[in-house]
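Beneath this line is the structure, given in structure tokens, with notes to follow.
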Amino acid sequence: MSGSINAVYLSGFLERELSRSTSEAPVSVKAAIISLHCCIDNLRCMLREGESRAEHLHKQLQLANQRRTLLIEELENNQISIEQGYETRLRETEDRYRARFLQMEDKFRLDKREIQHEVEQRKLSRLRQVETSTKNKVMLLERQNSRLLEENRLQSETLCRLEQLIRQLRTELSKAIQPRPAEDNTSSFFYKQKLEIVVAHNKRLREKNPRPYCFSEEEN
């Protein structure tokens, strides 16, 4: 504004001085003065145009400042909206993942129970198989034991009969060993051989059945 004030003051001062000296000046000076008047008018026009442009630029600057303020407010609003949207999406994502985690946790517990039940069923099945196999083995051993007991009983009875037979043969042999005529030697030799055979057979039975149960003659 100081430049515009100086230009106005200067143009007025020049006009007054030129008007004062125009009446006394020659024609050439008057022509120069007229030219200066034209220049002054031109300067005034340029000054008014510059002021108009300055006002226009000032208005544009104000509009730009207003736009800047509006843009800043819009930017802040957009930022707030973006932050709110981000927080909303973040909460939704957290809720979604939390729900998914709970579903996976429930599924894990269910799968764990199913696996435990399956493992228990397999263990129970193996135990039942082992129990069945053990029962079968026990029944087989009981049958074998019964058969062996029966065989032992039969062998014991046979051994007792053989021992009785041995005693009888020894009695007969002792009688046969007594002095007799020569014709009885053959019978004595026969009894002796029979006794040796029975004793050998009895020895084998004792090795198989070390504790025989002998029945008395009354029981037989």
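Before moving on, here are some points about what is shown:
- Sites Glu150 and Glu118 - FRET efficiency at Förster radius 45 Å, r taken between beta-carbons, to 0.05: 0.40
- With a Förster radius of 45 Å applied to the C-beta separation of Arg16 and His58, the computed FRET efficiency comes to 0.90.
- Added length on full extension, which subtracts the Cα-Cα distance from 0.36 nm per residue, His37 to Tyr97: 13.0 nm
- Net charge, Leu47 excluded, C-beta distance under 13 Å - Lys, Arg +1, Asp, Glu -1: -1
- Label sites at Leu173 and Leu141, each approximated as a point 7 angstrom past Cα along Cα to Cβ, lie 4.4 nm apart.
Bear in mind these aren't lab numbers, they're just calculated from the coordinates by the rules spelled out. The structure presented is a predicted model; accordingly, all values stated were derived computationally and were not measured. Glycine gets a Cβ as well: all are built from the backbone with ideal geometry, and neighbour counts include every protein chain shown.
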